[in-house]
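Step one of this worksheet: look at the structure below.
The values are calculated or read from the model by the stated rules, or taken from the named source; none is laboratory data. Remember, it's a predicted structure, so these values are computed and weren't measured experimentally. Using ideal geometry, Cβ is built from the backbone for each residue, glycine included, and neighbour counts are taken over all protein chains shown. Keep in mind that these areas ignore ligands, DNA and RNA; they rest on the heavy atoms of the full protein, side chains included. Shrake-Rupley method; radii C 1.70, N 1.55, O 1.52, S 1.80 Å.
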Amino acid sequence: MSTIRLSDRLETVRDCGIAPGYLNPMRSGFITLIGRPNAGKSTLLNAVLGQKISIISAKPQTTRNRILGIHNAEGLQVVLVDTPGVHQAKGRLNRAMVGMATDALQGVDAVCWVLDASRPAHRLASGATPGNVLSKAESRVLSLISRSGIDKVSIALNKIDLLPRMALLPLISALTAKIPGAEIVPISALKNGNDKYAGGVDRLVSVWKNQLPESPALYPDDQVTDVSERFVVSELIREKIFNLTRQEVPYATAVEIEQFVEEPREGKPPLFRIMARIMVERDSQKGILIGKQGRSLKRIGTLARKDIEPMLGAPVFLQLHVSVAPKWTENPSLLRELGYES
Ligand SMILES: Nc1nc2c(ncn2[C@@H]2O[C@H](COP(=O)(O)OP(=O)(O)OP(=O)(O)O)[C@@H](O)[C@H]2O)c(=O)[nH]1
Ligand SMILES: [Mg+2]
């Protein structure tokens, strides 16, 4: 008796004119990226999308909002939800940020825990038992995931460029024992383009594909995010402040776009006139942001403009000014206005 191999069957089906999607149906759905501040969630989101949607800094608690990034591929649409880092929040703004992250676990198809692998790897290397591989803060993230009831869990074991290769296996086995059923994928979101770490993010996307339900695309296939250009502009300015200022200043700063005007020009791309207000809590912070003879503010503006222009595909005239709004991080109506509270 002859058997028909699957490849033969595929050929037969193709010959009958049945769309390939019948055999390989479209999968699509929401996946929330969750983790500690600084774990690399936003870096991962941008790496998957191949463009910068979410801002990044070496300081914790950079992301303050829930940000969607939509990844389209053959037969697949992954709607990634970037979230603020989960931490023990002090103050109203931080509580709102953590609330935003936990709320983003509701109603999604799968969750991806982005974990900075260098931390637990270091603990194991310093003699921690596999049972104690996680810090208290990481265990809190794990319990949030468990309590969410989501059964499709992946772990993006990020920053593997920071650890020796031999540290990976013990770490993976310790994590497997802690979270049975989770798909663990070592990646370097930062160095994914580098040959040594290439393929990790693609493997993670394949894991996600298997976790998503069969479903038509949820968003048009040319849509990359749900946030507006205006929002990304305000975030890019905030990113420069995170990168250029220290101590409490970035955490006392918010950016509000006051004017966003696209001026058409004959035979040329339009010119964007953008005016933004940088809000701080105290006069001393205002002084630091402006700097001697306005040098610091000028540098923030120049660096932000360099990122904004390619995003908008047009020249930008960017005007920044700083104002003091005492205790805005505790002010419910200002937090709502800035989109940090609903
Ligand atoms: N070495 C290394 N650094 C990374 C990697 N991924 C991210 N980073 C760095 O880690 C820092 C934090 O990255 P983010 O993407 O802002 O982290 P996040 O999880 O979004 O942080 P929050 O928004 O604060 O919650 C930045 O300095 C990144 O460059 C990685 O794979 N390797
Ligand atoms: Mg982030």
Over the chain, what is the relative contact order in percent, taking alpha-carbon pairs closer than 8 angstrom and at least six residues apart? 17 percent
Using the Cβ atoms and a cut-off under 15 Å, what net charge is assigned to the surroundings of PHE260, where Lys and Arg are +1 and Asp and Glu are -1? -3
Among 129-139, 78-88, how do they line up by average Cβ neighbours within 10 Å per residue, starting with the highest? 78-88, 129-139
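Highest mean first, how do 189-195, 154-160 rank when packing is the count of other Cβ atoms within 10 Å averaged over residues? Don't skip to the answer; put the middle values down first.
On the way: 189-195: 15.3, 154-160: 25.4.
Result, highest mean Cβ count within 10 Å first: 154-160, 189-195.
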Can you compute the FRET efficiency between ALA314 and GLN106 using 1/(1 + (r/R0)^6), with r the Cβ-Cβ distance and R0 = 25 Å? Round to the nearest 0.05. 0.05
Helix-only estimate, please: 222 nm mean residue ellipticity of the chain, summing -39500 (n - 2.57) across DSSP H runs of length 4 or more and dividing by its residues, to the nearest 500. -11000 deg cm²/dmol
Once the whole set of protein chains is in place, how much accessible area is left on ARG299, using a 1.4 Å probe, in Å² to the nearest 10? 130 Å²
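Give me the mean projected area, in nm² to one decimal, of the convex hull enclosing the Cα positions of region 14-167.
Working: hull surface 47.1 nm².
Over all viewing directions, region 14-167 projects a mean Cα-hull area of 11.8 nm².
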Zone reached by a paramagnetic label modelled 7 Å from ASN331 Cα along Cα→Cβ, restricted to region 219-254 with backbone N below 13 Å, covers 253-254
Nonlocal amide H pairs with ILE155, under 5 Å, H built at 1.01 Å: TRP113, GLU183, ILE184, VAL185
Extending each Cα 7 Å along its Cβ direction at VAL224 and GLN247, get the distance between those two points in nm, one decimal. 3.8 nm
Would any residue of region 79-96 have its amide N under 20 Å from a label point 7 Å out along Cα→Cβ of SER206? List them or say none. 79
Return the FRET efficiency for the residue pair ALA89, LYS268: r is the Cβ-Cβ distance, R0 is 51 Å, and the value is rounded to the nearest 0.05. 0.60
Once the Cα atoms of helix 92-103 and of the chain are each reduced to a long axis, what angle between those two axes, in degrees from 0 to 90 to the nearest 10, is obtained? 20 degrees
With all protein chains modelled, accessible area of LYS41 [1.4 Å, Å²]: 10 Å²
By how many degrees, 0 to 90 and rounded to 10, does the Cα axis of helix 295-312 deviate from the longest principal axis of the chain? 40 degrees
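How charged is the neighbourhood of PRO326? Take every other residue with its Cβ under 9 Å from the Cβ of PRO326, and add Lys/Arg as +1 and Asp/Glu as -1. Kindly include the intermediate steps, with their values, before the conclusion.
Working: positive: ARG282, LYS327; negative: GLU281.
Around PRO326, the surrounding residues sum to +1.
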Accessible area expressed per residue, the chain, with surrounding protein chains retained (probe 1.4 Å, Å²): 51 Å²
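Please state the shape class of region 210-342: rounded when a/c is under 1.5, otherwise prolate if a/b exceeds b/c and oblate if not, all from the C-alpha gyration tensor. Before the final figure, lay out the partial values.
Values: a/c = 2.14, a/b = 1.28, b/c = 1.67.
Verdict is oblate for region 210-342.
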In whole angstrom, how far apart do the alpha carbon centroids of region 220-268 and region 156-217 sit? 31 Å
In vacuo Debye scattering of the chain, one point per C-alpha: log10 I(q)/I(0) at q = 0.09 Å⁻¹? -0.57
